[in-house]
Structure formats: structure tokens, C-alpha cells
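Heads up, the thing below is written out as C-alpha cells.
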Amino acid sequence: MNEIDLEHLSELQPLADPTIALDFLLSVKNGVRNTAIAITESSTPDVRAALHTQLETSLTMHEKLSQLMMNKGWFHPYNVSEQFQLDLVSSQTVLKIASLDLFPPQPPTQAPGNKGQKEPNELGN
């Protein structure tokens with residue numbers, strides 16, 4: 001198995017925080033949606049109360065995370081043109097990441113005890 005080229009990964013570090021935050025925000029949104037559905041499906045008052053508490057907690061987390069992302073300039077929900085530009089830059093970055101050679105070819109290694117002999121190919125030759 002090839003090793004990851006850490007030199008190329010260092011270029012990706014500034015992208016990690018906004019990417020993780022966006023993934024977390026999407027997960028929180030999904031949790032809000034699922035909890036709201038669960039409330040409508042629940043049949044006991046205790047379960048419904050617990051789900052309401054979870055929904056309120058999730059909504060608070062969504063608000064705080066959205067605010068953090070807006071403060072950092074990672075999210076522009078009230079300015080479509082700025083968000084579009086941010087999304088455009090993100091998509092260009094994804095294309096750049098996809099073109100990185102993170103697993104450069106490694107020289108073949110000899111198996112222990114196989115000194116001086118060539119290794120068999122896919123056909124066993």
C-alpha cells in the first residue's frame with residue numbers, strides 16, 4: 001500500500017476547519033429534521049417531551065454553529081452572491097484536491113527471504 005504524501009496534504013490544512021464545520025452543520029440540520037419527524041411519530045408524552053428537548057438543543061447548536069461560520073466568513077446565508085462566490089471557490093478547491101497526487105508511486109520492495117529473485121507478477125510468473 002502506498003503512503004500518503006504529507007507535503008501535498010499541508011496545502012489542504014486551511015480547508016479543513018470550514019469543511020468540518022459545514023459537515024457538522026449539515027449533520028445538525030439532518031438531526032433537526034429527523035427529530036421533528038420523530039415527534040410527529042411518537043405516541044407517548046414522555047417520549048415527545050424528550051424529543052422536544054433534543055430538538056431545542058439541536059436548534060441551539062445550529063444557531064451557534066451558523067453564527068460561528070458566518071463570523072469566520074465560511075457561510076453567507078443572507079447574501080446569495082457572496083455565498084455563490086464561496087461555493088465557486090470551494091468547487092475549484094475540490095477539483096484541485098482531486099488532481100493532487102496524494103499516493104505517488106513507490107519503488108517495488110522485495111519480500112523478506114526473496115533476495116535477488118524477482119517477485120512474481122499478477123499471473124504468478
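The values are calculated or read from the model by the stated rules, or taken from the named source; none is laboratory data. None of the values given here were measured: they were computed from a predicted structure. Cβ coordinates were reconstructed from backbone atoms using ideal geometry, including for glycine residues, and neighbour counts include every protein chain displayed.
Of all residues in segment 71-82, how many are surrounded by 14 or more Cβ atoms within 10 Å (Cβ to Cβ) and either more than 21 Å from VAL32 (Cβ to Cβ) or over 18 Å from the mean Cα position of the chain (by Cα) (or both)? So that I can check it myself, show each step before the final result.
Step one: list which residues in segment 71-82 are surrounded by 14 or more Cβ atoms within 10 Å (Cβ to Cβ), which gives 74-76.
Filter again for either more than 21 Å from VAL32 (Cβ to Cβ) or over 18 Å from the mean Cα position of the chain (by Cα) (or both), leaving 76.
Matching residues across segment 71-82 total 1.
Taking the criterion of being aromatic (Phe, Trp, Tyr) and outside any helix (DSSP H, G or I), the residues of segment 32-88 that qualify are TRP74, PHE75, TYR78.
Annotation note: Cβ proximity below 6 Å between a residue of segment 86-112 that is over 13 Å from THR19 (Cβ atoms) and surrounded by 12 or more Cβ atoms within 10 Å (Cβ to Cβ) and a residue that is at pLDDT below 75 and among the hydrophobic types (A, V, I, L, M, F, W, C) (sequence gap 6+ or interchain) occurs for LEU102/ILE4.
If you check LEU59 against the conditions, is it touching a residue at least 40 places away in the same chain (Cβ under 8 Å) and closer than 28 Å to SER90 by Cβ? Here the answer is no, as LEU59 does not meet what is asked.
Every residue, every condition in (1) in contact with a helix residue (DSSP H, G or I) (Cβ under 8 Å, 6 or more places away or on another chain); (2) within 23 Å of LEU25 (Cβ to Cβ); (3) among the hydroxyl-bearing types (Ser, Thr, Tyr); (4) modelled with pLDDT of 75 or more, yes or no:
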{"site": "MET69", "(1), (2), (3), (4)": "yes, yes, no, yes"}
{"site": "PRO77", "(1), (2), (3), (4)": "yes, yes, no, yes"}
{"site": "VAL80", "(1), (2), (3), (4)": "no, yes, no, yes"}
{"site": "VAL89", "(1), (2), (3), (4)": "no, yes, no, yes"}
{"site": "GLN92", "(1), (2), (3), (4)": "no, yes, no, yes"}
{"site": "PRO104", "(1), (2), (3), (4)": "no, no, no, no"}
{"site": "GLN117", "(1), (2), (3), (4)": "no, no, no, no"}
{"site": "PRO120", "(1), (2), (3), (4)": "no, no, no, no"}
{"site": "ASN125", "(1), (2), (3), (4)": "no, no, no, no"}
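Restricted to segment 1-48, and to residues there that are farther than 16 Å from ASP101 by Cα, of a type in the set (Asp, Glu) and under 19 Å from the mean Cα position of the chain (by Cα), the residue that is modelled with the highest pLDDT is ASP23.
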